[in-house]
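Student: After the structure tokens below, expect a handful of questions from me.
Values in this text are rule-based calculations from the coordinates and carry no lab data. All of these numbers come straight from a predicted model, not from anything done at the bench. We place every Cβ from the backbone using ideal geometry, glycine too, and count neighbours over all the protein chains shown.
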Amino acid sequence: MNYSDDFKFKNYFSSRNRSLTKDQKSILDFYQEKVSLESFSELDQLNDYKNISLEIGFGVGDILLHNALNFPNNLFVGIEYYKKGIAQLLLNMEKHNLKNIRLFYGDALDYLKLAKTNYLDEVLIMFPDPWPKRRHWKRRIINKDSVNEISRILKLNGRVLFFY
Ligand SMILES: C[S@@+](CC[C@H](N)C(=O)[O-])C[C@H]1O[C@@H](n2cnc3c(N)ncnc32)[C@H](O)[C@@H]1O
């Protein structure tokens, strides 16, 4: 993925909305509230799942979709700030009538800070943006703050799957 040097971190989406298809735009409009930081606490009401997995930066969500289809008793939570990816996965969730996925749009660290302690069984981070230039290191999702939050949120025997 290519990002311009003057990329505005928190406003990333607004500049890229134009590339959304009509279906992607309308599903995002419909689920706008559900995928917001304000709705994150609704996860507390989902107590019937055997296992809770979080994927940070899921892209277009192929792994989330695959796992949710194959493990219907587990809950899959995804956080992404690539709007097209959120929209595409929402469309796929509707197509497969999947109830065991919850998606959230925005900077993962904002959500990690809100998550309950000792809550997750698993965290997946697949091929995070490397941000090789030193001046962009602050944009990396894996940093001291996120690692501290992840270790707080994970259950005692929880695991982190990380591919690079
Ligand atoms: C290189 S892509 C990998 C996508 C996917 N995991 C895969 O393997 O195809 C990295 C993804 O992480 C997302 N991402 C990076 N930093 C993030 C952050 N702080 N919060 C949410 N998503 C983030 C980007 O939007 C992008 O979709």
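Student: Mind checking region 33-128 for GluC sites (Glu not before Pro) that DSSP puts in a loop (not H, G, I, E or B) and that have at most 13 other Cβ atoms within 10 Å?
Tutor: Counting only loop positions with at most 13 other Cβ atoms within 10 Å, the GluC sites (Glu not before Pro) in region 33-128 are Glu33.
Student: Also, quick follow-up: What FRET efficiency, computed as 1/(1 + (r/R0)^6) with R0 = 25 Å and r the Cβ-Cβ distance, is obtained for Ser151 and Trp131, rounded to the nearest 0.05?
Tutor: 0.70
Student: Then there's this: Between Gln24, Gln32, Gln88, which gets the highest mean-square fluctuation from a Gaussian network model of the chain, Cα cutoff 10 Å?
Tutor: Residue with maximal mean-square fluctuation among Gln24, Gln32, Gln88: Gln32.
Student: Suppose we keep just the alpha-carbon trace of region 21-163; what are its Rg and Dmax in angstrom?
Tutor: When restricted to Cα atoms, region 21-163 yields Rg and Dmax of 14.7, 44 Å.
Student: Something else about it: Please list 3J(HN,Hα) in residue order for region 106-122, calculated via the Karplus relation 6.51 cos²θ - 1.76 cosθ + 1.60 where θ = phi - 60°; whole Hz, with x for glycine and proline.
Tutor: Taking θ as phi minus 60°, the curve returns x, 6, 3, 4, 4, 6, 4, 5, 8, 6, 6, 5, 6, 10, 9, 8, 7 Hz for region 106-122.
Student: Turning to a different aspect of this structure: With each pseudo-label sitting 7 Å past Cα toward Cβ, what's the Leu37-Lys113 distance in nm, one decimal?
Tutor: Label-label distance for Leu37 and Lys113, simple model: 0.7 nm.
Student: If you look for lysine pairs in region 21-163 that are eight or more places apart or on different chains, how many of them have Cα atoms under 15 Å apart?
Tutor: 11
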